[in-house]
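Below is one structure, written out as structure tokens; the observations come after it.
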Amino acid sequence: MSASKQGKGEKQGSFWKELPILIVIALVLAFIIKTWVIQAFYIPSKSMEDTLLVGDRVLVNKLVYQMREIERGEIVVFNGSGSWDEASSVDVTEPTNPIAGGFTWVGQQLGVTPTGKDYIKRVIGVPGDTVECCDSENRLLVNGEPLEEPYLYPGSQESHTEFGPVEVPEGRLWLMGDHRDISYDSRLHQNDPGEGSVSVDSVEGRAFVLLWPVDRFESLSVPDSFSALEETTESAAAAALPLALGSVAAVPIHRTGRGLGKRLRGRFRSRGVAESGR
């Protein structure tokens, strides 16, 4: 055997020996990225139409909420266990053997198949917000301000039914789908633990891009109406602060004034008695 053929055979043998190691490394990296950085999710239901359709795949940023708070208008993926009735989750048939289970797991990590336990909805209320429905135009109210929702499925606003006002508890979120007529969201879970709200800790990340199909590729940005709502809420809070501080300050001033008045009247009375006794 020539030296070149022998060298070629050694390289091929080395490749097949290293291949299992490379596969393990790739799987470990994929697991790390999926667990802590970014993950693809499959859209299994119609509750977010027309923003997201059945079969769409989205990428979810799993790091962003480690650095900042969740904001209104963002689309989030979360685990509803312990907050929402499990009967509303997507029914996924469990694999009957380890091989099928392995393929299912890989498909879930790649966003090809649904997980059955995760939900995707839009954040309407954050901790401390008051959410209710509706105003005279059948719009949601957040902290008393009407919310314009250009992303809603046609006819969704007309399908709104009254609820609330509901104050979102600390550490929880009020979440709703964009296709309101069929979305089984916070409105319909008010008899479940959490009274419709979902724990912030159950949020897995923010859906930030519609990845598949390619002809629908787009960024999942927050609508401008939420920025306007944020500004209105902040302005209302800023306007209320001086009034609140004035009210707090008025109490001791009022009490001080009353006390001073009593002392002055007492002095005048004493002086009058003294003068009349002369």
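Brief remarks follow.
- Qualifying residue in the stretch 49-71 (condition: modelled with pLDDT under 90 and out of contact with any Ser or Thr (no Cβ under 6 Å at 6 or more places or on another chain)): no
- For the stretch 158-180, filtering for residues that are under 29 Å from Arg57 (Cβ atoms) and modelled with pLDDT of 95 or more leaves 9.
- Summed over the stretch 98-119, residues that are modelled with pLDDT of 60 or more, in contact with a helix residue (DSSP H, G or I) (Cβ under 9 Å, 6 or more places away or on another chain) and not in a loop (DSSP other than H, G, I, E, B) total 1.
- Filter result for Glu137 (of a type outside the set (Ser, Thr, Tyr) and free of Cβ contacts under 8 Å to residues at least 40 places away in the same chain): yes
- Long-range neighbours under 6 Å by Cβ, at least six apart or interchain, first residue within 17 Å of Glu71 (Cβ to Cβ) within the stretch 199-217, second charged (D, E, K, R): Ser199/Arg172; Gly205/Lys62; Arg206/Glu74
- Candidates are the residues of the stretch 120-167 that are part of a strand (DSSP E or B) and among the basic types (Lys, Arg); the one that is surrounded by the fewest Cβ atoms within 10 Å (Cβ to Cβ) is Lys121.
- Selection from the stretch 119-145 of residues that are over 17 Å from Gly196 (Cβ atoms) and of a type in the set (Asp, Glu): Asp135, Glu137, Glu145
The values are calculated or read from the model by the stated rules, or taken from the named source; none is laboratory data. Given the structure is predicted, the values throughout are model-derived calculations rather than measurements. As a convention, Cβ positions derive from the backbone with ideal geometry for all residues, glycine included, and neighbour counts pool all protein chains shown.
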